[in-house]
Amino acid sequence: TVGQLLRLEARQETSLELLLLVRSAAVVQALKAVERNGLALEHVSEELKGDREVVMAAVQLDGLALRYAS
């Protein structure tokens, strides 16, 4: 957990960089869909068909999903 990492880093006197990634609900929903079925990329919005993260998740599961990417 983050708490464990912070305690560990504090004892080792090193720095810890924390990256917070904020995604829209639409991106989260699209990622969930394409991670279950890469070909679900066909049914996401045109904007998300051009989203690198969504497309890569779909293509990793099913390379044929690339035909739906914009």
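The values are calculated or read from the model by the stated rules, or taken from the named source; none is laboratory data. Note that the structure is predicted; figures quoted are calculated from it, not measured. Positions of Cβ are generated from backbone atoms using ideal geometry, with glycine treated the same way; all protein chains shown enter the neighbour counts. Note: accessible area is taken over every heavy atom of the protein model, side chains too, but ligands, DNA and RNA are not part of it. Shrake-Rupley method; radii C 1.70, N 1.55, O 1.52, S 1.80 Å.
Here the contact order of the chain, divided by its residue count and restricted to Cα pairs under 8 Å and six or more residues apart, works out to 26 percent. Using a Gaussian network model of the chain in which every pair of alpha carbons under 10 angstrom is joined by a spring, one finds that among A58, A33, A25 the greatest mean-square fluctuation is at A25. Given a 1.4 Å probe and the protein chains as shown, K32 ends up with an accessible area of around 120 Å². Compute the helix-to-body angle for 25-36: its Cα long axis versus the longest principal axis of the chain, expressed 0 to 90° and rounded to tens. The angle comes out at about 70 degrees. Summed over qualifying helices (DSSP H, 4 residues or more, each -39500 (n - 2.57)) and divided by its residue number, the chain shows a 222 nm mean residue ellipticity of -15000 deg cm²/dmol.
For the options S15, S24, S45, a Gaussian network treatment of the chain with springs between C-alpha atoms closer than 10 Å singles out S15 as fluctuating the most. What angle do you read, to the nearest 10 degrees and between 0 and 90, between the alpha-carbon axis of helix 2-12 and the longest principal axis of the chain? So the helix axis and the longest Cα principal axis differ by about 40 degrees. Working from Cα positions, state the angle (0 to 90°, nearest 10) between the long axis of helix 52-61 and the longest principal axis of the chain. Around 80 degrees separate the two axes. As an equivalent ellipsoid, the chain spans semi-axes of 35, 12, 10 angstrom, where each value is the square root of five times an eigenvalue of the C-alpha gyration tensor, largest first.
Length gain on complete extension for the stretch E46 to Q4, per 0.36 nm per residue less the alpha carbon to alpha carbon distance?
11.1 nm
Approximating the spin labels as points 7 Å out from Cα along Cα→Cβ, the Q29-to-R67 distance works out to 2.6 nm.
Top mean-square fluctuation among E17, E46, E35, Gaussian network model of the chain, C-alpha springs under 10 Å? Among E17, E46, E35, the largest mean-square fluctuation in the Gaussian network model of the chain belongs to E17.
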